[in-house]
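The values are calculated or read from the model by the stated rules, or taken from the named source; none is laboratory data. Note that the coordinates shown come from a computational prediction; the quantities given were computed from them, not determined experimentally. Ideal geometry is used to build each Cβ from the backbone, glycine not excepted, and the neighbour counts take in all protein chains shown.
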Amino acid sequence: MSKSGRYSADRKKIEALTASKTIEVHDCGTIFFCDVGDATMTLPASSAAGNGWWVKFVLSDEPGTKLRVASGDGATMAVSAIAADGVTQSDASTNLDLDANGDVGDVVEVICDGSKMYAFALVKANAASAVS
C-alpha cells in the first residue's frame, strides 16, 4: 500500500536569507532563497561537513543581487557552471560569485566529498560576471 498525504512528499528544508550567513554543518540539505543585495555565504570546513553534505542557493531577487559562496576552510572549491558568463571564481579558487546581473532562479548547489567542496552553478545566459 502506498503512502498518502504529507508523508509521501519530498519536502525540502527552506530558509530565506536577507544578509550574509555562515552556513553550519547542521544546515545540510537546506535550500536557501537569497534576497540579499551583496552578501557572502561562508561554508563550513570540508572536513567538518563530511561526505555527502550539501546545500543549495537560489536567487529570489534581481537585479543587484551579488552572491558569493566562500570556502569556510580556505580550501579549493571545484566549480562547474552552465552559462558561466554569470559566474566567477577567485584566483585561489576559494570563492564562487554570482554577479549583480543575476536573475531570479539562478542556482548554486554545493556538495562535499569530505575533503573538497564542489559547486555547480546554473545561471541565465545573459548574466555577465567573472570568477573571482
### Task
Quickly run through region 32-69 and pick out the residues that are assigned to a strand (DSSP E or B) and surrounded by fewer than 21 Cβ atoms within 10 Å (Cβ to Cβ).
Phe33, Asp38, Ala39, Thr40, Thr42, Asn51, Gly52, Trp54, Lys56, Val58, Lys66, Arg68
### Query
Within region 91-107, can one find any residue that is within 22 Å of Lys12 (Cβ to Cβ), at pLDDT 85 or above and crowded, with 17+ Cβ neighbours inside 10 Å?
yes
### Message
Restricting to region 1-37, name every residue that is modelled with pLDDT under 90 and under 14 Å from the mean Cα position of the chain (by Cα).
### Response
Asp35, Val36
